[in-house]
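Quick note: the coordinates plus some simple rules give every number you see, no bench work behind them. Everything numeric here is computed off the predicted structure, so don't read it as measured data. Glycine gets a Cβ as well: all are built from the backbone with ideal geometry, and neighbour counts include every protein chain shown.
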Amino acid sequence: MRKFVSTTAIAAAIGGSLMFAAPGAVAAPQTPAAGEVTVLGTAPSCVSVKRITDGYLVKYKGYDVTNNCKTAKKLKGVFSGGYDSECKTVNPKKTARLMSSQPWVGYDKVITC
């Protein structure tokens, strides 16, 4: 009984602390420049995306993104079943690598952030 009570108390403390966590800041959507087509949350059509794997013994999945747009874009790699990449600013005519920190993830998409 004592083990059950302490386990329940720990679970309640963790759950309670998560309930009061501050929500992340929501960025205003970027308006595309002329000739750039974008759907809210997806990468603009002027950004080329290539799926890659990187690593020696363990293969990590990621995306190489090239910004062919006229303005800098903030991009993030989204992966199924694990952590997404960090949000990176990619300047025009530059390429960036968006990697997951977990090898077992699946590819999903690249979005603006």
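Quote to one decimal, in nm, the extra length available between Thr95 and Arg51 on full extension: 0.36 nm per residue of separation minus the C-alpha distance between them.
Numbers: separation 44, 0.36 × 44 = 15.84 nm, distance 1.30 nm.
Residue separation times 0.36 nm, minus the Cα-Cα distance, leaves 14.5 nm.
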I need the peptides 81-87, 97-103 ranked by packing, meaning the mean over residues of other C-beta atoms within 10 angstrom, with the highest value on top. 97-103, 81-87
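Classify region 43-113 as rounded, prolate or oblate from the Cα gyration tensor: take a ≥ b ≥ c as the square roots of its eigenvalues, call it rounded if a/c is under 1.5, otherwise prolate when a/b beats b/c and oblate if not.
Numbers: a/c = 2.41, a/b = 1.86, b/c = 1.30.
Since a/c reaches 1.5 and a/b is larger than b/c, the shape of region 43-113 is classed as prolate.
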